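Here is the structure we will look at, set down as structure tokens.
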Amino acid sequence: MDTKGKEALKSKMLRILSVDARTSMQDLANSLKTTKVNAYNLFNELANERGLRFVPEISIDKLWKWEFIKRARLRTKRGILAEAVEELPLTGFGEYLIFAKFVGKKPSDEEITKAIGNSYATQFAARTKGEYDLMVYAVERSYEDAVRLTDTLSKGLGKYKMLAYTLKVWGNFGFFPLSNKLIEQFDIFDTYKNLLFGLNDGGRNTFTDIGKRFNQGPAQMLYAYDRLARTEILRRVTYFESKPDKSTRIVAVAKIENDKAFEDSRNGWFAKLAREYERRENECVFMCDTPSPRGTIVVAELKGKSAAARFLRGMRSGLKGTEISSLQILKVLLGSLGIRDFDMHHTSQYKRMERNRSLPTAAKGFETVENPNALD
């Protein structure tokens, strides 16, 4: 196989694994129109080259469903109304970004990491260059809890002058890999939690292997997988790259100045990205909406400064009615970015635009046979 053909197959394999990392090796071979042996070899090369880690992509905003169901189980209807509904505000989690600027002397990496502490909430932290010096992604029960997390960080770096703010976000594309410490906080049935632990440690592990770890059978794990997928808490099992091949990571912040211009242009910009990334590797890692200041934040991973400048130009030309600034991620201090080559036609946002007939029907995606326990 020539180098160009091999790289094309690797690229297609990454797309398939990003949508369903539990695709069997035979199904991968069928989709790539190659032999099972070749598929194994390509898979192993990719896993080593990019440090592929297979993990569940969890919908943070939908966790409240099973937390509420667990609390309501075995109660009478009157009990549900009197007790479970009262607890509803305590169920679920939210996503938050913390940005900090140091005035004068800046703390060391070790001091920042120590100040962040061992909180289950903090999933990602990185030094940045630009308007802010530090970015933190956290998952907490409430905005008040997220603000307390910011206060804890500020107190831990008390000898430095730090200006920080906490921002509630709603993710609509991409993800940050979640820690087992956070999954432990999910107030869901043990079987569901055990499945998420098993997938987080190895997303391609069989249900038999995951079940053995928790003294449960494969049928229980399959049932939990099906239930979490049906309620969209488990979006998919996907991958992230622990050894990405790109050098420049940016955080682009679009603040809305004209609501109508922004809303009129947003779908077109997203659809353009989806079409572009059909032909080349996806550069976007995470996108989210923000309420105050109202706007959109995009984390992208690119090949060099010129690619970053081109990406920002594309945002400025595509997203009307916005003021766009950017940060450069200099060093990851905690966690990982969910870097993967993901086909945007599989996003909920793109499918919503299809339903609303606000863009042409998406191209047909990869076809794989659903058999999540057969990975050989």
* Does the range 245-260 contain any residue that is exposed (fewer than 14 other Cβ atoms within 10 Å of the Cβ) and in a helix (DSSP H, G or I)? -> yes
Checked the range 205-244 for anything of a type in the set (Ser, Thr, Tyr), surrounded by 20 or more Cβ atoms within 10 Å (Cβ to Cβ) and under 20 Å from LEU63 (Cβ atoms); matches are TYR225, THR238
It is to be established whether one or more residues within the range 185-198 are touching a Ser or Thr at 6+ places or on another chain (Cβ under 8 Å) and free of Cβ contacts under 8 Å to residues at least 40 places away in the same chain.
no
Selection from the range 1-14 of residues free of Cβ contacts under 8 Å to residues at least 12 places away in the same chain and in a helix (DSSP H, G or I) yields THR3, LYS4, GLY5, GLU7, ALA8
### Message
Would you confirm, using the coordinates I've provided, whether ARG294 is touching an Asp or Glu at 6+ places or on another chain (Cβ under 9 Å) and farther than 20 Å from PHE175 by Cα?
### Response
yes
Subset of the range 15-54, residues closer than 21 Å to ARG279 by Cβ and not in a loop (DSSP other than H, G, I, E, B), comes to ARG15, ILE16, LEU17, SER18, VAL19, SER31, LEU32, LEU42, LEU46, ARG50
Only one of (1) at pLDDT below 95; (2) surrounded by fewer than 18 Cβ atoms within 10 Å (Cβ to Cβ) does not apply to LYS181, and that is (1)
Considering residues that are among the acidic types (Asp, Glu) and in contact with a Ser or Thr (Cβ under 7 Å, 6 or more places away or on another chain), the number found within the range 144-160 is 0
Turns out the strands (runs of 3 or more DSSP E) fully within the range 98-209 with at least 3 residues that are more than 18 Å from the chain's Cα centre (by Cα) and outside the structural domain of VAL19 (by TED's automatic domain parsing) are 122-129, 161-174
Exception for THR238 within (1) free of Cβ contacts under 8 Å to residues at least 60 places away in the same chain; (2) farther than 21 Å from ARG313 by Cα falls at (1)
Among residues of the range 294-322 being under 22 Å from the mean Cα position of the chain (by Cα) and either assigned to a loop (DSSP other than H, G, I, E, B) or free of Cβ contacts under 8 Å to residues at least 40 places away in the same chain (or both), the residue nearest to ARG249 (Cα to Cα) is LYS303
| request: Answer yes if at least one residue in the range 78-85 is at pLDDT 95 or above, touching a helix residue (DSSP H, G or I) at 6+ places or on another chain (Cβ under 9 Å) and not basic (Lys, Arg), and no otherwise. | output: no
Within the range 350-359, the count of residues that are touching a helix residue (DSSP H, G or I) at 6+ places or on another chain (Cβ under 6 Å) and part of a helix (DSSP H, G or I) comes to 2
Checked the range 244-296 for anything over 19 Å from TYR96 (Cα atoms) and of a type in the set (Lys, Arg); matches are LYS246, ARG249, LYS260, ARG266, LYS272, ARG275, ARG279, ARG280
Screening SER317, SER326, SER336, SER247 for residues that are out of contact with any His (no Cβ under 7 Å at 6 or more places or on another chain) and more than 30 Å from LEU153 (Cα to Cα) leaves only SER317
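The values are calculated or read from the model by the stated rules, or taken from the named source; none is laboratory data. Bear in mind the structure is a predicted one, so any value in this text is a computation, not a measurement. Quick reminder, even Gly has a Cβ in these numbers, built from the backbone with ideal geometry, and neighbours come from all protein chains shown.
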